[in-house]
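The block underneath contains the structure these notes are about, expressed in structure tokens.
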Amino acid sequence: MAELVDTITLTLEKMDIQIELIEPKNWEHLKKIESVLSEAFTVQEKFKNAIKNTRPSINNTATKSKIARQTIYNNELLKKYIEFRISEYNDSDPIRKIEKHLERIAELENKVKFMSERDVGLEIMRRKITLLENNIKNVKKENKELHEKYNNLKNKNTKGNNNVNSNTSKVTVLPNLK
């Protein structure tokens, strides 16, 4: 009875329910409910252990069939037959099926994790590419403006040189002052 109350208490704590607020009538109901559920868990555990304990192997089959293990291991037909049947048993074993499913779930979760990381990486690269493309556009625009400015200055300079008379300009050579 104390074990029952302990199980109920632990379960209620996991559920974040304050034990002090539970009415005595509900405690009695909880005890009845927990006894039924505990029995179901016990039966489940017994079946699980029974399945584990009855898993076939060459040694178990030899012992239960009262055939010497040496005979089975020396006779390829007997050995292959037992191994084949064990394989069939393992394929239909619910515990093994669950284990296989859990392994597959873990594999798929791992794939999803890697795919998510890949997708995040791709999105970051896309954003960087967009930023770089915008920078390139800005640099091209600035380059175009500078070329236009350069060409304008060049044109002004050539127009200015055309107005200057080359005969009137003097070049003064300064002596080397070393």
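The values are calculated or read from the model by the stated rules, or taken from the named source; none is laboratory data. Computed from a prediction, not measured in an experiment: that's the story for all the values here. Cβ coordinates were reconstructed from backbone atoms using ideal geometry, including for glycine residues, and neighbour counts include every protein chain displayed. In case anyone asks, the SASA skips ligands and DNA or RNA and just uses the protein heavy atoms, side chains included. Shrake-Rupley method; radii C 1.70, N 1.55, O 1.52, S 1.80 Å.
Cβ-Cβ under 7 Å, sequence separation 6+ or interchain: first residue in the stretch 103-127 and at pLDDT 95 or above, partner surrounded by 10 or more Cβ atoms within 10 Å (Cβ to Cβ) and hydroxyl-bearing (S, T, Y). Which pairs?
none
Determine whether the stretch 104-114 contains at least one residue that is touching a helix residue (DSSP H, G or I) at 6+ places or on another chain (Cβ under 9 Å) and open to solvent by 80 Å² or more (accessible area, probe 1.4 Å).
At the first step, the residues of the stretch 104-114 found to be touching a helix residue (DSSP H, G or I) at 6+ places or on another chain (Cβ under 9 Å) are none.
For the stretch 104-114, residues touching a helix residue (DSSP H, G or I) at 6+ places or on another chain (Cβ under 9 Å) and open to solvent by 80 Å² or more (accessible area, probe 1.4 Å): absent.
For residues in the stretch 58-74 being more than 17 Å from Y89 (Cα to Cα) and of a type in the set (A, V, I, L, M), which is surrounded by the fewest Cβ atoms within 10 Å (Cβ to Cβ)?
So the residue we want is A68.
Might you check whether a residue that is touching a residue at least 24 places away in the same chain (Cβ under 8 Å), acidic (D, E) and out of contact with any strand residue (DSSP E or B) (no Cβ under 6 Å at 6 or more places or on another chain) occurs anywhere in the stretch 39-52?
So far as the stretch 39-52 goes, no, none of its residues is touching a residue at least 24 places away in the same chain (Cβ under 8 Å), acidic (D, E) and out of contact with any strand residue (DSSP E or B) (no Cβ under 6 Å at 6 or more places or on another chain).
Here is a yes/no grid of residues against (1) among the hydrophobic types (A, V, I, L, M, F, W, C); (2) assigned to a helix (DSSP H, G or I); (3) out of contact with any Phe, Trp or Tyr (no Cβ under 8 Å at 6 or more places or on another chain):
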{"residue": "I67", "(1), (2), (3)": "yes, no, yes"}
{"residue": "Q70", "(1), (2), (3)": "no, yes, yes"}
{"residue": "L77", "(1), (2), (3)": "yes, yes, yes"}
{"residue": "Y81", "(1), (2), (3)": "no, yes, yes"}
{"residue": "R85", "(1), (2), (3)": "no, yes, yes"}
{"residue": "Y89", "(1), (2), (3)": "no, yes, yes"}
{"residue": "I98", "(1), (2), (3)": "yes, yes, yes"}
{"residue": "F114", "(1), (2), (3)": "yes, yes, yes"}
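Between a first residue in the stretch 144-156 that is surrounded by 10 or more Cβ atoms within 10 Å (Cβ to Cβ) and a second residue that is at pLDDT 95 or above and hydrophobic (A, V, I, L, M, F, W, C), which pairs have beta carbons less than 9 Å apart while being 6 or more apart in sequence or on different chains?
Pairs that qualify, where the first residue is surrounded by 10 or more Cβ atoms within 10 Å (Cβ to Cβ) and the partner is at pLDDT 95 or above and hydrophobic (A, V, I, L, M, F, W, C): there are none.
Any residue at all in the stretch 44-54 that's assigned to a helix (DSSP H, G or I), over 30 Å from E3 (Cα atoms) and either among the hydrophobic types (A, V, I, L, M, F, W, C) or open to solvent by 100 Å² or more (accessible area, probe 1.4 Å) (or both)?
Checked against the condition, which is being assigned to a helix (DSSP H, G or I), over 30 Å from E3 (Cα atoms) and either among the hydrophobic types (A, V, I, L, M, F, W, C) or open to solvent by 100 Å² or more (accessible area, probe 1.4 Å) (or both), the stretch 44-54 yields no hits at all.
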